[in-house]
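The structure appears below as structure tokens.
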Amino acid sequence: MARIDATRDEADLVRYFTANAAAFGVPFRPGELTAKRPVVDPSRYLMAAVDGETAGVAGSFGFGLTLPGGAEVPVAGVSDVGVLPTHRRRGVLGALMDRLVDDAAARGEQALVLGASEAVIYGRFGFGVAAHALWGGVDTGRAALRPDAPASAGRVRLVDRHDAAPALAVAYGAAAPTRPGSLSRTAAWWDLVLGSAGIFVGGHEDHLVVVHEGADGAPDGYAIYRMEEHWGSAGPAHRLHVWELVAAETAVELDLWRFLLGHDLVAEVHGMLPPDGVLLDALADTRAAQLLAPRDQLWLRPLDLPGLLGGRSYAVDGSLVLDVVDPRRPEVAGAWDLTVGDGGGSAARTDRPADVRLPVAELGSLLLGGGSAGRLRRAGRLEEATPGAADTLDRLLRWDPLPFCTTRF
Ligand SMILES: CC(C)(COP(=O)(O)OP(=O)(O)OC[C@H]1O[C@@H](n2cnc3c(N)ncnc32)[C@H](O)[C@@H]1OP(=O)(O)O)[C@@H](O)C(=O)NCCC(=O)NCCS
């Protein structure tokens with residue numbers, strides 16, 4: 001069986017990142033480790049050894065996760081997961097995940113979250129899809145917004161990305177509580193997002209930053225983007241890639257889209273949207289947006305049900321007994337009385353018979369207010385003991401806006 005140890009020093013971290021690169025079939029790039037090092041806590045970066053040799057790795061970051069209603073709870077953001085191609089399908093990832101979950105529980109983290117390379121990997125470890133994203137492009141030739149689309153009294157200002165962190169942190173801090181699924185950011189994380197590393201989690205030497213300022217001059221939104229140039233025989237047809245677009249207010253969000261969609265030389269603006277992104281309803285020609293079907297974005301593995309269900313807000317009152325199936329965590333498994341009143345809820349142990357029986361992964365997909373218990377029931381993934389209980393669960397847990405996670409990790 002694999003032996004799991006946390007990394008202890010820089011040499012361990014080089015071994016870790018070398019193994020992870022090999023798992024993805026690419027060479028170790030020291031620049032990636034250098035860029036990430038300020039956000040990496042070695043005690044959270046685990047290595048699995050088989051017969052004394054590194055076989056696989058899995059790490060996590062400590063984040064605050066926004067719940068419906070704006071409360072933030074501590075979670076582990078699982079990242080940099082890989083098992084060497086020579087050691088696959090013999091339980092190395094399973095051993096790493098068990099330890100990551102144990103460590104998160106010991107730290108008092110209420111859930112684990114991650115973005116998955118493949119959709120078939122993490123359900124068995126109790127992760128469900130808590131947030132979806134739309135990827136796609138908008139044809140700028142047809143991208144005018146409706147005349148009645150809200151506009152703000154503020155302005156868009158181009159800023160040097162090296163000086164942008166304070167303004168972006170203010171705008172992000174105002175927006176994150178309004179969107180379940182948002183993750184908190186430290187100053188070191190901002191350095192990564194606004195850096196030059198050109199790696200998955202953030203930063204690119206070609207990134208440009210615009211800040212939206214309200215009438216009072218305070219930052220209330222921003223976009224990070226980069227240009228991919230195409231000089232065709234018919235003229236310029238650049239593609240503008242939006243890395244992040246963040247705003248708490250709809251009018252600010254639409255002003256940022258107006259700026260990006262109106263950029264000279266650009267034929268298409270490409271990026272990632274929440275499935276309920278307001279842009280889709282604000283376009284005069286809705287077919288200007290060629291968006292892909294919603295794709296799994298943030299996966300969530302619940303650990304602390306009283307914390308998660310008691311910390312979030314609810315749109316309607318009601319109560320229900322959930323029977324949670326979780327073979328790995330006895331503190332999660334079993335019957336829970338979910339009672340909601342006056343917008344707040346609580347989850348307590350109960351002996352009452354269950355209305356709904358569901359695996360912990362399916363509960364993870366519903367907790368942030370996205371997903372659908374009714375659809376999960378129709379797909380055979382959730383059982384109703386009381387007729388209509390899945391619909392009741394949907395009414396209780398659904399939240400507007402839908403969860404979405406701007407942070408890549
Ligand atoms: C995904 C990965 C980490 C799995 O590691 P592993 O050690 O082979 O996984 P385990 O042996 O612990 O697998 C546990 C279970 O998940 C299944 N599983 C794991 N990865 C799977 C995959 N990619 N596709 C289908 N099933 C998978 C295994 O078959 C096993 O099932 P079982 O319990 O029914 O036997 C490894 O394949 C890998 O490094 N892939 C490339 C990099 C990558 O995608 N990393 C994940 C980033 S999010």
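What follows is calculated from the coordinates using simple rules that are stated; it is not laboratory data. The structure displayed is predicted, hence computed values, not measured ones. Reconstructed Cβ throughout: ideal geometry from the backbone, glycine too, with neighbour counts over all protein chains shown.
Sparsely packed loop sites in the stretch 229-276 (the GluC sites (Glu not before Pro) outside DSSP H, G, I, E and B with at most 15 other Cβ atoms within 10 Å) comprise E229. Computed from the C-alpha gyration tensor, the three semi-axes of the ellipsoid equivalent to the chain are 35, 30, 19 Å, from longest to shortest. Residues with beta-carbon under 9 Å from that of A58, excluding A58: net charge, scoring Lys, Arg +1 and Asp, Glu -1? Value of the local net charge: 0. The convex hull drawn around the Cα atoms of the stretch 144-284, when projected onto a plane and averaged over every direction, covers 9.0 nm².
Using a cut-off of 10 Å between beta-carbons, work out the net charge of the residues near T407 (Lys and Arg +1, Asp and Glu -1, T407 not included). Local charge sum for T407: +1.
For the stretch 291-409, what class follows from the C-alpha gyration tensor (a ≥ b ≥ c being the square roots of its eigenvalues): rounded when a/c is under 1.5, otherwise prolate if a/b is larger than b/c, else oblate? Cα axes put the stretch 291-409 in the rounded bin.
Comparing P294, P147, P219 in a Gaussian network model of the chain where C-alpha atoms under 10 Å apart are linked, the largest mean-square fluctuation is found at P147. Loop-resident trypsin sites (Lys or Arg not before Pro) (DSSP state other than H, G, I, E or B) in the stretch 1-71 with no more than 12 further Cβ atoms inside 10 Å of their Cβ: R8. Between V340, V78, V278, the Gaussian network model of the chain with springs among Cα atoms under 10 angstrom shows the greatest mean-square fluctuation at V278.
Computed over the chain, the per-residue total of -39500 (n - 2.57) for DSSP H runs of n ≥ 4 gives a 222 nm mean residue ellipticity of -7000 deg cm²/dmol, rounded to 500. Using the Cβ of R239 as centre and a radius below 10 Å, the other residues enclosed give a net charge of -2, where K and R count +1 and D and E count -1.
Fully extending the segment from V26 to D160, taken as 0.36 nm per residue of separation minus the present Cα-Cα distance, adds 45.0 nm. Only Lys, Arg, Asp and Glu carry charge here, each on its Cβ (+1 for the first two, -1 for the last two); on that basis the chain has a dipole of about 920 debye about its Cα centre. Estimated from the Cβ-Cβ distance and a Förster radius of 51 angstrom, the FRET efficiency linking A218 and T350 is about 0.60. Between the residues W336, G202, S346, the greatest Cα displacement towards the positive end of the dipole of the chain, with unit charges on the Cβ of Lys, Arg, Asp and Glu, is found for W336. Roughly how far apart, in whole Å, are the Cα centres of the stretch 353-409 and the stretch 259-293? The two parts, judged by their Cα centres, are 29 Å apart. Under the criterion of Cα pairs below 8 Å and six or more residues apart, the relative contact order for the stretch 144-284 equals 28 percent.
What ranking do 394-407, 194-207, 153-166 get when scored by the average of other Cβ atoms within 10 Å per residue, highest first?
Result, highest mean first: 394-407, 194-207, 153-166.
If you take the Cα centroid of the stretch 13-48 and the Cα centroid of the stretch 104-139, the two points sit 20 Å apart.
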